[in-house]
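Trainee: Here you go, one structure.
The values are calculated or read from the model by the stated rules, or taken from the named source; none is laboratory data. Only a predicted model underlies this, so the values are computations on that prediction, with no experimental measurement involved. A quick note on method: Cβ atoms are made from the backbone with ideal geometry, for glycine too, and the neighbour counts reach across all protein chains shown. Just so you know, the surface numbers come from the protein's heavy atoms only, side chains and all, with ligands and any DNA or RNA stripped out. Shrake-Rupley method; radii C 1.70, N 1.55, O 1.52, S 1.80 Å.
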Amino acid sequence: LTAQTEAKSSEVQNHKDRLNQVSSRLYGLQDLDANFEGFQEGVKTVMQWQSQKHAAAGETEAATKFALVADAVSVAPEYEVALEAALGQGLHMILSQNWDDPLAAIQHLKDTKMGRTSFFSAVDQYPVHSAMTLPREEIEAVLLDIVQIKPEFNEPMRALLERIAVVESLEKGLSLRRRFPRWGFVTRQGDVITADGVVTGGTEESADTGVVRRRREIKELTAERDVLSGQLAILQHELDKLEEQTENVRRELENARVQKSEKEIQVAEKRKDLERSESELNNLMQAITKQQKDVADLEAQRNTQQDKYDTCQEELQNLREKAAQLSSDVESMTVEVDRIRKENEARSRVVTDLQVRSAGKTQERDGLKRQVEMYSRNLREVEEQKARMTNESTKTSESLSMHSVQLEQERIRLNQLIDQAEQAKSQLAGLQDEFEKQSHDTRELEAKLSEKVKSIQTDQTTINDLRLKLEQSTLRESNIVSQVFEKYNTQLLEVAEQYRSREVDLVAIESELNDLKDKMSKMGEVSLAAIDEYDELTARYEFLTKQQSDLLDAQAQLRKVIDRIDKICSKQFKETFDAVNERFAKVFPILFGGGMAHLVMIEDPENPGDPGIDIVVRPPGKKSQNITLLSGGEKALTSVALIFSIFLVKPSPFCLLDEVDAPLDDANVFRFNELVKEMAKRSQIIVVTHNKYTMEVNNKLYGVTMEERGVSKMVSVNLTDAQRVAEATA
């Protein structure tokens, strides 16, 4: 079951990978199709205008009035290039059910200045030309025979595709056109010969606009996605059943293991009981053997004792006879003993009385000895204490008199010190007053000195400036004198005496001198070829004037185009900005575990057409602030949130993240990995990382190793296969 589950899980993962690839490709193609990529600007404008108009009116897509030519036809994949080449600009025409809607759309294009487009009505009757039979063996197919047309657009599409045949080469088409001049021919590679005699050819890529192919691929991918989704659901159901069966078997196995352990414990307990019983049996057998031996010993002892008993009985009989004899002797002696005892008792009483009296006298004597010793000891202690107290009294009297003298001396010294302190305090107050006065005078002198120094420095600066100006004037004077002498051969100092007393207007003279210099420089030297040069310059002036006029016209046209592009860009930028801002506000709390964030558009007064963007965030537990004030990890998470928000608005098949998780801690890495796994359902994500937690969530790992010094080698690991191998090894 485990092997089947792993195989089924691998199959489910393969289907998921394939479904993700198909969904990603389908999502990208649908996004291109929804934005009408590959069509002219006018076609995009009209179709988007129609969608917005019906959306505002609450109508469904089925109520749309327009359709694209590419939506009305379909063909086998091998003939797609031929069909697109044969239709040519016809692919950019819009089909309509009447003529009122096209007129409104054209008026909208004029109002918005968003390009031009062509319309084709399905209500008009188009003439059917007489069919001219082509030799079937010389052509591959007639285009109308292999193209599927929607019934509601049969008339206009037949008119567009009528009398066009598919041939194997351009040469074959030219050969057939000589015999069938009203027919057009097209090859599978996209080379076209129209009925008017226009030949178009080139590379296959330039003939393929991709519109028909894209529609066909969207249908195929949609069908494949539905099939894969169904298969994935079935496989997932089977996988769930296998996992459930595996879990049931695992539980049964666990229960069996528990029962086995319990039985093993019971067996061990029974074995211990058996061993204990065997040990007790051995002990009992040994005890029985010992008791049997003891019984034999006791039996021998009993026999021995019986013999001794018999001997003792005989001796006892002899002793009894002797005892009887002795009893009679004892009775006679007892009478004598009683008499002697009575005499001894009387003597004992006398002795006892004497002993009692002697003991009393002895105790009285011992008590008197103890009292005498105690009184003697107390007397010695009192005498010692008296001597000690006498010595201490003598010492205390001497110390008291000495301390009295010292105290009096210290009191006198203290009074002297107090008087000295009062005198020092008064002197200190006087010195402080004098110090304050001198400090005030010193500060005033320093202020005056600083002012004098500043005045001297100012005067010195003025003197230096005047010296510099004097030197400059002297140098300028010498230069002027030299220039006048060189130019006019005149000593200026000699001539200056004549004009020293004359009053003149220097400003007027200076202006007149400059005008004369300008005129002289413009006149230049006298040239005999000036007339010819004038004619050439006149012709060139007219040529340049005409070019200027052309450039001004082109500039005006360019400005119109730029204005139109600016309007489109501003509109698309605003729409994209709003979409990204909306998703950014949703993605940010997921990565930060709370908080909020939004984008702010900053208008530049000097350049209103080029706004900036500011990011304002509020992490959990903090106030709103600019992204530049965040920490490194918070900046990285905010950047990731913005990138994923843009990615959600305009996805791509691949996304490369390079060391994004480097500044993040473990908690933020986990949230980042969860978002990456969610984004991986839409596109394929490549992550460059050194974080082990990020590596765990990836399906495959790629790296570089150097087994030999200086030799690098690429390695890859499929984590699913590696986990399966590790579990099998364990």
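Trainee: Do we have any residue at all in the stretch 617-640 that's touching a His at 6+ places or on another chain (Cβ under 8 Å) and either open to solvent by 30 Å² or more (accessible area, probe 1.4 Å) or of a type outside the set (A, V, I, L, M) (or both)?
Mentor: No, every residue in the stretch 617-640 fails to be touching a His at 6+ places or on another chain (Cβ under 8 Å) and either open to solvent by 30 Å² or more (accessible area, probe 1.4 Å) or of a type outside the set (A, V, I, L, M) (or both).
Trainee: OK, next. So Ile646 passes all but one of these: (1) closer than 23 Å to Leu19 by Cβ; (2) part of a helix (DSSP H, G or I); (3) in contact (Cβ under 8 Å) with a residue 40 or more places away in the chain; (4) open to solvent by 80 Å² or more (accessible area, probe 1.4 Å). Which condition number does it fail?
Mentor: All conditions are met except number (1).
Trainee: Take the residues in the stretch 649-660 that are more than 9 Å from the chain's Cα centre (by Cα) and assigned to a loop (DSSP other than H, G, I, E, B), then tell me which one is surrounded by the most Cβ atoms within 10 Å (Cβ to Cβ). First the steps, then the outcome.
Mentor: Restricting attention to the stretch 649-660, the residues satisfying the condition of being more than 9 Å from the chain's Cα centre (by Cα) are 649-659.
Remaining after also requiring assigned to a loop (DSSP other than H, G, I, E, B): 650-653, 659.
Values: Lys650: 12, Pro651: 16, Ser652: 12, Pro653: 12, Glu659: 12.
Top of the filtered list is Pro651.
Trainee: Among the residues of the stretch 683-699 satisfying the criterion of being part of a loop (DSSP other than H, G, I, E, B), of a type outside the set (Gly, Ala, Ser) and open to solvent by less than 60 Å² (accessible area, probe 1.4 Å), which is farthest from Asp17 (Cα to Cα)?
Mentor: Quick first cut of the stretch 683-699, residues part of a loop (DSSP other than H, G, I, E, B) only: 683, 689-691, 697-699.
So of that shortlist, the ones also of a type outside the set (Gly, Ala, Ser) come out as 689-691, 697-699.
The next check asks that each one be open to solvent by less than 60 Å² (accessible area, probe 1.4 Å); those that pass are 689, 691, 697-698.
Details: Thr689: 22, Asn691: 24, Val697: 15, Asn698: 13 Å.
Here the residue is Asn691.
Trainee: Further, regarding this structure: Among residues belonging to the stretch 184-202 that are among the hydroxyl-bearing types (Ser, Thr, Tyr) and touching a residue at least 60 places away in the same chain (Cβ under 8 Å), point out the one that is surrounded by the fewest Cβ atoms within 10 Å (Cβ to Cβ).
Mentor: To start, the set of residues in the stretch 184-202 that are among the hydroxyl-bearing types (Ser, Thr, Tyr) comprises 187, 194, 200.
Pick out the ones that are also touching a residue at least 60 places away in the same chain (Cβ under 8 Å) and you get 187, 200.
Working: Thr187: 23, Thr200: 15.
Only one residue fits best here, namely Thr200.
Trainee: While we're looking at this one, here's another question. Return the pair list, or none, for Cβ contacts closer than 7 Å from residues in the stretch 667-686 that are in contact (Cβ under 8 Å) with a residue 24 or more places away in the chain and aliphatic (A, V, I, L, M) to residues that are open to solvent by less than 70 Å² (accessible area, probe 1.4 Å) and in a helix (DSSP H, G or I), at least 6 apart or on different chains.
Mentor: From residues that are in contact (Cβ under 8 Å) with a residue 24 or more places away in the chain and aliphatic (A, V, I, L, M), the pairs are Val669/Tyr693; Val669/Thr694; Leu675/Leu591; Leu675/Phe644; Met679/Phe644; Met679/Phe647; Ile685/Val676; Ile685/Met679.
Trainee: Here's a follow-up. Look through Leu91, Leu29, Leu19, Leu87 and report the one residue that is crowded, with 18+ Cβ neighbours inside 10 Å, at pLDDT below 65 and hydrophobic (A, V, I, L, M, F, W, C).
Mentor: Going through Leu91, Leu29, Leu19, Leu87 in turn, just one is crowded, with 18+ Cβ neighbours inside 10 Å, at pLDDT below 65 and hydrophobic (A, V, I, L, M, F, W, C): Leu29.
Trainee: Of all residues in the stretch 255-276, which are polar (S, T, N, Q) and open to solvent by 60 Å² or more (accessible area, probe 1.4 Å)?
Mentor: Passing the criteria: Asn255, Gln259, Gln266.
One line per residue, one yes/no per condition, for (1) farther than 30 Å from Ile615 by Cβ; (2) hydroxyl-bearing (Ser, Thr, Tyr):
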site	(1), (2)
Ser501	yes, yes
Ser521	yes, yes
Gln557	yes, no
Cys569	no, no
Lys574	no, no
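For (1) in a helix (DSSP H, G or I); (2) surrounded by fewer than 10 Cβ atoms within 10 Å (Cβ to Cβ); (3) modelled with pLDDT of 85 or more, each residue gets a yes or a no:
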position	(1), (2), (3)
Ala662	no, no, yes
Phe670	yes, no, yes
Lys681	no, no, no
Leu701	no, no, yes
Ser716	no, yes, yes
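Trainee: Mind listing whichever residues of the stretch 507-564 are over 30 Å from Thr112 (Cβ atoms), of a type in the set (A, V, I, L, M), in a helix (DSSP H, G or I) and open to solvent by 100 Å² or more (accessible area, probe 1.4 Å)?
Mentor: Passing the criteria: Val507, Met520, Met523, Ile531, Leu537.
Trainee: Then there's this: Hey, any hits in the stretch 56-63 for a residue that's assigned to a helix (DSSP H, G or I) and modelled with pLDDT of 70 or more?
Mentor: Within the stretch 56-63, none of the residues are assigned to a helix (DSSP H, G or I) and modelled with pLDDT of 70 or more.
Trainee: List the number of the failed condition for Ser501; all other conditions in (1) of a type in the set (Gly, Ala, Ser); (2) open to solvent by 100 Å² or more (accessible area, probe 1.4 Å); (3) under 30 Å from Gln48 (Cβ atoms) hold.
Mentor: Looking at each condition in turn, Ser501 falls short on (3).
Trainee: While we're here: Val561 - would you say it is modelled with pLDDT of 85 or more and touching a helix residue (DSSP H, G or I) at 6+ places or on another chain (Cβ under 9 Å)?
Mentor: So Val561 does not fit the description; no.
Residue-wise test of (1) hydrophobic (A, V, I, L, M, F, W, C); (2) in contact with a strand residue (DSSP E or B) (Cβ under 7 Å, 6 or more places away or on another chain); (3) at pLDDT 85 or above.
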| position | (1), (2), (3) |
| --- | --- |
| Ser455 | no, no, no |
| Leu470 | yes, no, yes |
| Glu477 | no, no, no |
| Lys487 | no, no, no |
| Val495 | yes, no, no |
| Arg500 | no, no, no |
| Glu510 | no, no, no |
| Ala556 | yes, no, yes |
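Trainee: Got a sec? Which of Glu252, Glu243 is part of a helix (DSSP H, G or I), open to solvent by less than 100 Å² (accessible area, probe 1.4 Å) and under 21 Å from Lys8 (Cβ atoms)?
Mentor: Glu243
Trainee: Restricting to the stretch 585-619, give me the number of residues that are within 17 Å of the chain's Cα centre (by Cα) and either at positive phi or not hydrophobic (A, V, I, L, M, F, W, C) (or both).
Mentor: Total meeting the criteria: 7.
Trainee: Given the conditions (1) open to solvent by 70 Å² or more (accessible area, probe 1.4 Å); (2) not in a helix (DSSP H, G or I), and given that Lys574 satisfies all but one, which numbered condition is not satisfied?
Mentor: Going through the list (1) open to solvent by 70 Å² or more (accessible area, probe 1.4 Å); (2) not in a helix (DSSP H, G or I), Lys574 breaks only (2).
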